[in-house]
Each structure stands twice: as C-alpha cells, then as structure tokens.
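Structure first, then comments.
Values in this text are rule-based calculations from the coordinates and carry no lab data. All values reported here derive from a predicted model rather than from experimental measurement. So basically every Cβ, Gly included, is an ideal-geometry build from the backbone, and we count neighbours across all protein chains shown.
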Amino acid sequence: MLEVAALESRYGRIPVLKGIDFHVHAGELVSLVGANGAGKSTLLRALSGVQGSSGTILFEGRKIENLSPEKRVALGIVQVPEGRQVFGPLSVQENLRLGAYRRGRSRLRASLERVYAMFPVLAARRGQSAGNLSGGQQQMLAIGRALMAEPRLLLLDEPSMGLAPRLAQEIIRCVTELRSADTAIFLVDQNARAALAVADRAYVLETGRIVLSGSGAQLLADPGVRAAYLGL
C-alpha cells in the first residue's frame, strides 16, 4: 500500500530524516519507535504532506510526494496529529463532521454511528464542547474525526501521550481494532512496549535513520531495543 524510498526532510539547514526506506502492506499495523527527537513525527508529517520532503512516496502504486495534503486525504491518507488538536469551542459532533468534509452526506450518518459505537462516551457527549472533554476523550475524538474521512492508511502520532496507563491501554486496544483487509495503520507511540506488542511489523528510528526492522515480536526480544527503549 505504501512504499517510501530515500525520504529526506529538514528544518532549515538541519537534516531530520536522512534517507528513509520502508513499506506498509494493506491490512498491516506497522509501528515506528525511537527516542524523542529521532524524527518520528517529522516522518508522519512528510507522509501526510504538511512537512516538506524529498525522495519517493508511492501510495497504492501512485507517486504522491508532490501532492498537497488535501489531495493525499482524498486518496485515503489521514493523520491523527500529536497533541489531539481538536477544535475546542466546537461540539463533539461538529468535530466529527469536519473529518468528513471531503465526502458527501450520503455516508455521514453511517460514519457517525460507527464512531459512536467504537467510542460510546463520545455519543453521550456529542453536544458538549470538545474543549471540555478529558485528555482521553479528546484522543478518542481525534481518532474518530480521522475515521470520518474513511482512511485507507491511518497515521497515528503518539495516541497515548499524556494519558493514564489504563486509558493509554484502551486507546491502543481501539487502534488494533481499526485494521481491516484494505486499511493499514502506521503507529508512532512513546510507549514502545505497547507499540511493538500490537505491531505486525516495526521499525526503529535513530537520528533520522531506520536502524532496525522486523516483526513486533522480534524487536520486543531484541537486546538492543530492550535496553534502549524498554528499560530492560
């Protein structure tokens, strides 16, 4: 579904991504782990088109590196940004409807029902301002808003950040349920243990370069990964 080759990105003169190669198959959950500052969020932003980059990005066989972010959304690449970034003054339902802005009204109700079934607390608070939700509820809303766009590739940037352990575990559980035969998930999360535990495959990013790859189970058992990211 996604194939990336020689991807580079920089902030001013500072290189952040230094020749990234990786791929994601349809139906996979692929995790990316690495220390703070390794370039994980920059990589997701480059994929969604909000961060400038060079190199090749193929999505379902089509070159998209020169497409605008909104055209990438239209193809099915949807990002849940770090920090949730919900529209606080708007209601829960208004935030969700914004996620479907590129789609017609015909499937809007069905999409809303799907999100409310996955996150019942959002259904109970659909008329409440998003800014009054708890951190965990805002994260559910951010994910739900992305689902309203009917993504083919869902990019998740630190979905468990700042959440209590129980809530973080619940968010990761929900993420695993989003996989389907024609939908892939690319997950970045500070909780490396959880991210690797649910991953079909995973990559380790260090200072802008991918240094390890393998199944989630393989990287969980790797002594270097355990020492650097799992505290073992």
Original post:
Taking the range 15-72, which residues are among the basic types (Lys, Arg) and either within 13 Å of Thr207 (Cα to Cα) or in contact with a Phe, Trp or Tyr (Cβ under 8 Å, 6 or more places away or on another chain) (or both)?
Top reply: Lys18, Lys40, Arg72
Original post:
Any idea which of Ser213, Ser160, Ser180 is in contact (Cβ under 8 Å) with a residue 60 or more places away in the chain, closer than 29 Å to Pro15 by Cβ and hydroxyl-bearing (Ser, Thr, Tyr)?
Top reply: Ser213
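Only one of Ser111, Ser129, Ser91, Ser106 is polar (S, T, N, Q) and closer than 21 Å to Arg179 by Cβ. Can you tell me which?
Matching residue, one of Ser111, Ser129, Ser91, Ser106: Ser111.
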Original post:
Which numbered condition trips up Ala146, out of (1) closer than 30 Å to Gly34 by Cα; (2) small (Gly, Ala, Ser); (3) surrounded by 15 or more Cβ atoms within 10 Å (Cβ to Cβ); (4) out of contact with any strand residue (DSSP E or B) (no Cβ under 9 Å at 6 or more places or on another chain)?
Top reply: (4)
Subject >> Residue check for Ile172: under 17 Å from Leu2 (Cβ atoms), within 12 Å of the chain's Cα centre (by Cα), of a type in the set (Val, Ile, Thr) and buried (at least 18 other Cβ atoms within 10 Å of the Cβ) >> reply: no
Original post:
Filtering the range 70-88 down to residues that are of a type in the set (Gly, Ala, Ser) and at positive phi, which residue is surrounded by the most Cβ atoms within 10 Å (Cβ to Cβ)?
Top reply: Gly76
Subject >> Inter-residue pairs, beta-carbon under 6 Å, first within 21 Å of Glu8 (Cα to Cα) and in the range 65-76, second loosely packed, with under 14 Cβ neighbours inside 10 Å, 6+ apart >> reply: Pro69/Val50
